[in-house]
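Engineer: Provided herewith is a single structure, encoded as structure tokens, for subsequent inquiry.
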Amino acid sequence: MRTWPAPNIPALPVAANLAPVRVFDSATGTLVEAAPGSIATLYACGITPYDATHLGHANTYLAFDLLQRAWLDAGKQVTYASNITDVDDPLLERAAATGVDWRELAREQTELFRADMTALRMLPPNAWVSVVAIIPDVVAAVAGMLARGEAYWVDGDVYADLSADPWFGTVAGLAASDPATLALFGERGGDPERPGKRHPLDPALWRAERPGDPSWEGGQLGRGRPGWHIECAVIARDALGLPFDIQGGGTDLRFPHHEMSSSHARLIGGGAARTHMHAGLVAYQGEKMSKSRGNLVFVSRLLADGVDPMAIRLALLFHHYREEWEWTDADLARGVECLAVWRQGVAEAHRATGLDGGVADRVVAGVRAALADDLNAPRALSLVDEWAALQSCAPGGPAAAQAVAEAIDALLGIRL
């Protein structure tokens with residue numbers, strides 16, 4: 001699938017004794033080294049393209065953009081994979097409600113997502129995979145699970161038998177017998193009350209053709225379409241190999257999606273993500289920003305109103321990626337003001353003739369250290385704020401201005 005153009009990233013001077021990037025592993029509740037080796041692999045769950053891109057999406061993908069930038073700065077070879085769930089119930093429901101063909105709606109919203117990601121200078125995936133494009137691979141994976149006794153039939157549909165995976169439950173840490181777990185499964189796309197299932201939490205792998213629904217030839221599975229979680233397991237296996245370093249997304253994906261897709265990955269490929277990262281959810285008007293509630297702030301609308309995309313990016317970076325927070329007009333105003341101050345600081349430093357005595361180098365080192373510490377963007381921003389304010393009374397000179405501007409660009413993705 002055609003992705004968006006990659007932003008140019010300045011190559012910073014190699015740093016001695018650069019701290020390894022550590023992130024919070026949602027599964028263990030501890031800080032861990034994100035990718036111990038020279039190769040780093042990341043899977044971040046993509047959008048269902050029926051209403052993209054709101055600031056909650058942008059906040060999530062920004063977290064994994066920062067992670068990649070820190071990895072690249074450390075000299076790692078990074079492979080990033082993501083998906084587009086271009087056939088799913090929410091997409092089909094929106095298409096039916098608006099009278100638009102579901103394929104056209106998916107195409108239109110995918111293009112909008114591309115444009116938004118380009119404007120925000122997000123690094124694109126190396127493998128950006130449409131679910132529709134890999135249905136034969138899903139069919140083969142599900143058929144294999146059936147053959148090994150890891151899946152079973154329920155009235156023409158195929159379900160995963162979670163009892164086949166002894167590691168199920170290790171991502172979200174929820175008890176399968178807890179009524180709250182079953183309720184959450186139901187709220188987030190599951191069907192715990194489906195008759196004929198061996199366990200209420202068993203997730204669908206293949207949905208038999210229904211009248212009016214799109215469907216594909218599934219060989220021994222019959223005509224139908226994939227379940228949600230198996231898609232990501234197959235894409236991660238084929239794009240990254242199993243196991244891989246990081247599986248990421250919003251915190252609402254921890255269960256059931258990441259729990260289930262990790263279980264599927266272990267069964268179809270012998271491994272899953274070593275670490276799970278989850279970004280906090282962004283609220284608006286008192287509730288989580290959600291397509292179902294309609295309380296969305298769209299990146300494209302802010303851009304159409306003339307907002308500098310770097311101000312939007314800064315407004316998000318003021319919040320740690322794991323923070324749960326609520327978007328207000330004050331966030332955007334703060335981003336606009338910060339961008340102006342930084343640009344002014346760089347301009348004043350460029351006009352100066354003196355030397356900064358190593359201040360800029362310390363700022364760059366501090367930004368690197370902040371990102372290595374669980375992607376602490378707010379701390380990194382505060383260091384640049386202090387440097388920019390200093391330029392009005394003790395400007396550092398052109399070399400300092402270039403060093404700081406390139407670090408801001410390479411590490412934080414802010415083009416001044």
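Engineer: Specify which of the listed residues (Trp387, Trp325) is over 30 Å from Leu296 (Cβ atoms) and of a type in the set (Phe, Trp, Tyr).
Structural biologist: Testing whether each residue is over 30 Å from Leu296 (Cβ atoms) and of a type in the set (Phe, Trp, Tyr) leaves just Trp387.
Engineer: Hey, among the residues in the range 71-105 that are open to solvent by 10 Å² or more (accessible area, probe 1.4 Å) and of a type in the set (A, V, I, L, M), which one's nearest to Val364 (Cα to Cα)?
Structural biologist: Among those that are open to solvent by 10 Å² or more (accessible area, probe 1.4 Å) and of a type in the set (A, V, I, L, M), it is Ala74.
Engineer: Need at least 1 residues that are more than 29 Å from the chain's Cα centre (by Cα), of a type outside the set (D, E, K, R) and surrounded by fewer than 17 Cβ atoms within 10 Å (Cβ to Cβ) per element, so show me which helices (runs of 4 or more DSSP H) inside the range 308-416 make the cut, counting only ones lying wholly within it.
Structural biologist: By residue number, 329-351, 377-390, 398-407.
Engineer: Now for a different question. Considering each residue of the range 29-50, count those that are open to solvent by 10 Å² or more (accessible area, probe 1.4 Å), β-branched (Val, Ile, Thr) and under 22 Å from Arg121 (Cα atoms), and give that number.
Structural biologist: Here the count works out to 2.
Engineer: Here is a further query. Please verify whether Phe113 is closer than 30 Å to Val23 by Cβ, open to solvent by less than 10 Å² (accessible area, probe 1.4 Å) and not polar (S, T, N, Q), treating the condition exactly as stated.
Structural biologist: Details: closer than 30 Å to Val23 by Cβ: yes; open to solvent by less than 10 Å² (accessible area, probe 1.4 Å): yes; not polar (S, T, N, Q): yes.
The answer is yes for Phe113.
Engineer: Considering Thr53, Thr60, which residue is open to solvent by less than 20 Å² (accessible area, probe 1.4 Å), touching a helix residue (DSSP H, G or I) at 6+ places or on another chain (Cβ under 6 Å) and polar (S, T, N, Q)?
Structural biologist: Thr53
Engineer: List, please: which pairs have Cβ atoms under 6 Å, are six or more places apart or on different chains, and start with a residue in the range 266-278 that is under 10 Å from Arg237 (Cα atoms) and end with one that is crowded, with 19+ Cβ neighbours inside 10 Å and of a type in the set (Ser, Thr, Tyr)?
Structural biologist: Pairs that qualify, where the first residue is under 10 Å from Arg237 (Cα atoms) and the partner is crowded, with 19+ Cβ neighbours inside 10 Å and of a type in the set (Ser, Thr, Tyr), are Ala272/Ser262.
Engineer: Here is a follow-up. Give the residues of the range 15-28 that are open to solvent by 20 Å² or more (accessible area, probe 1.4 Å), touching a residue at least 12 places away in the same chain (Cβ under 8 Å), assigned to a loop (DSSP other than H, G, I, E, B) and more than 15 Å from Ala272 (Cα to Cα), sorted by residue number.
Structural biologist: If the condition is that a residue be open to solvent by 20 Å² or more (accessible area, probe 1.4 Å), touching a residue at least 12 places away in the same chain (Cβ under 8 Å), assigned to a loop (DSSP other than H, G, I, E, B) and more than 15 Å from Ala272 (Cα to Cα), then Ala15, Leu18, Ala19, Pro20 are the ones that fit.
Engineer: Condition first: surrounded by 20 or more Cβ atoms within 10 Å (Cβ to Cβ), at pLDDT 95 or above and part of a strand (DSSP E or B). Can you find one or more residues in the range 138-146 that meet it?
Structural biologist: No, that holds for no residue.
Engineer: How many residues are open to solvent by less than 50 Å² (accessible area, probe 1.4 Å), under 25 Å from Ala377 (Cβ atoms) and of a type in the set (S, T, N, Q) when one looks only at the range 252-288?
Structural biologist: 1
The values are calculated or read from the model by the stated rules, or taken from the named source; none is laboratory data. Everything numeric here is computed off the predicted structure, so don't read it as measured data. Cβ atoms come from the backbone with ideal geometry, glycine included; neighbour counts cover every protein chain shown. When the accessible area is computed, the model is the full protein with side chains, heavy atoms only, and any ligands, DNA or RNA have been set aside. Shrake-Rupley method; radii C 1.70, N 1.55, O 1.52, S 1.80 Å.
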